1. I'd like to verify a number: residues in the range 322-350 that are of a type in the set (Val, Ile, Thr), under 16 Å from residue 105 (Cα atoms) and modelled with pLDDT under 90, how many?
2. Please determine, by comparing only the residues of the range 259-292 that are surrounded by 14 or more Cβ atoms within 10 Å (Cβ to Cβ), touching an Asp or Glu at 6+ places or on another chain (Cβ under 9 Å) and farther than 13 Å from residue 326 by Cβ, which one is modelled with the lowest pLDDT.
3. All but one of (1) among the hydrophobic types (A, V, I, L, M, F, W, C); (2) within 22 Å of residue 228 (Cα to Cα); (3) in contact (Cβ under 8 Å) with a residue 60 or more places away in the chain hold for residue 208, so report the exception by its number.
4. Do we find a residue being of a type in the set (A, V, I, L, M, F, W, C), in contact with a strand residue (DSSP E or B) (Cβ under 6 Å, 6 or more places away or on another chain) and either closer than 30 Å to residue 112 by Cβ or not assigned by TED's automatic domain parsing to the domain that holds residue 338 (or both) anywhere in the range 197-219?
5. Which one is modelled with the lowest pLDDT, of the residues in the range 360-412 that are of a type in the set (Gly, Ala, Ser) and either assigned to a strand (DSSP E or B) or out of contact with any helix residue (DSSP H, G or I) (no Cβ under 8 Å at 6 or more places or on another chain) (or both)?
6. Yes or no: residue 355 in contact (Cβ under 8 Å) with a residue 12 or more places away in the chain and at negative phi?
7. Here are 203, 230: which of them is hydrophobic (A, V, I, L, M, F, W, C), surrounded by fewer than 17 Cβ atoms within 10 Å (Cβ to Cβ) and in a loop (DSSP other than H, G, I, E, B)?
8. Give me the pairs: first residue in the range 85-96 and surrounded by 16 or more Cβ atoms within 10 Å (Cβ to Cβ), second residue of a type in the set (D, E, K, R) and part of a strand (DSSP E or B), beta-carbon distance under 8 Å, and six or more apart or on different chains, which are they?
Amino acid sequence: MNQILNFHTIPSCFLKNNKMKIISHLIISLLLIVIVLFQFSCNQSHVEDDSHNHGINNNSINNSEKDILNNNVGHKDGEIHLTKDQIETMKITFGDFSLIKINDYVSATGTLGLPPNAYSSVSAKASGFIKESNKYVEGSYVKKGVVMAYLENPEFIQDQQEYLEVFSELTYLQQELERQEGLVNANAGALKNFQKLQSEVNIKTATLKGIAKQLAYLGIKINRLSPDNIVERVAIIAPMSGYITSIKMHNGMYVSPELELMEIVSENHLHLELDVFERDIAAVKEDQKISYTVPALGSEVYEGEVHVIGKEFNTENKTVRIHGHLEDERPQFIKDLFVEAKIWLNDQTVQALPENAIIKDGASSYIYVTNNKIEENEIKFEQVMVMPGTVDQGFTSVKLLGKIPEGMKIVTVGAYYVYAQSKAGELEHTH
């Protein structure tokens, strides 16, 4: 009995430590059981619910077994297959291209341009100082003949003075010539004096006309010129009506004739400068209608027509320049604005398909074709890339970017269902 330990003789601190260890072991054991059960349940659901071959060693099965597991028996990657029942249910029908007259167009881009004769430079006709310049800014509209500024130079006074002096001398010489002519006719004068006066009159006449031309060039009118109305300044006149695109003068500035003071452009000569790609140029003819928009100014559509087809090929951009006239209604004038245009081709006969036969996927467009042969109760479809064009009365003009194999029919109704099946196949394969 002495060897038997009495429970009550065990120290309380010892019992307390043992209890803590037991509780810790129990918690760890429960956690391990939960983890094992969780893994087991996941593996069971994966095998029962997933069509992937997660629980089978890939090395122990052949390719056909993999196809069965992936629900793609006999199908290659990217192929589209529909059963006969699916085709009938979706009412998919087959056909070919239709040759119809459609108002097709050629796309072009360019600018609102101006020919060389639409530009005019404003410059001084002589050297001098700018005075009383009007407060124009770039974009201001001016009319032909308006005074834009004045040019001041003391030499203008000297030119007018010289003109008046020569005019007076010539008047005197002409009177003397008439008197000498009378004497010669009466045999009372010397012919030599008459001839000398005749020569002097001719010289003075030429001098006077030269000075008159110079004054007229400056804008000084000589028909009313007198010592009382001599001017020291001349006007700088707008050479044509239009918009000011640059200003390079100000009051007090000394200028010379070779300096451009302003540039004016006339919107009356505004036209389209369009670039057409090499592949489309053969379809473009003079007098074809053009519709165009100016994206910077909004979505309004304006009209024009082809006027001149350029004769130079741009080897860098592979384009030819087209010049187009504008109709009366035209956009706000801003030089060199970018435009997007359509050149209409006057009811061209083109190959077309119903609109719904063409499927757009991102930036690409496709049609679907088939040989309509049933193999294992399925019909295989192929995808062909196309470039859609003009839409008219439910039909879209089409340019093929790929080849259609011989004997193939085009899906003309129900192409969307074929497209959906192709996407379903892609998702099934990636899964």
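The values are calculated or read from the model by the stated rules, or taken from the named source; none is laboratory data. A quick note: this is a predicted structure, and the numbers were derived from the prediction, not measured. Glycine also receives a Cβ, built like all others from the backbone with ideal geometry; neighbour counts cover every protein chain displayed.
1. Residues flagged as of a type in the set (Val, Ile, Thr), under 16 Å from residue 105 (Cα atoms) and modelled with pLDDT under 90 within the range 322-350 amount to 2.
2. 283
3. (3)
4. Yes: one or more hits.
5. Only one residue tops the list, namely 402.
6. Yes, satisfied.
7. Of the residues listed, the single one that is hydrophobic (A, V, I, L, M, F, W, C), surrounded by fewer than 17 Cβ atoms within 10 Å (Cβ to Cβ) and in a loop (DSSP other than H, G, I, E, B) is 230.
8. Within 8 Å, the pairs are 94/409.
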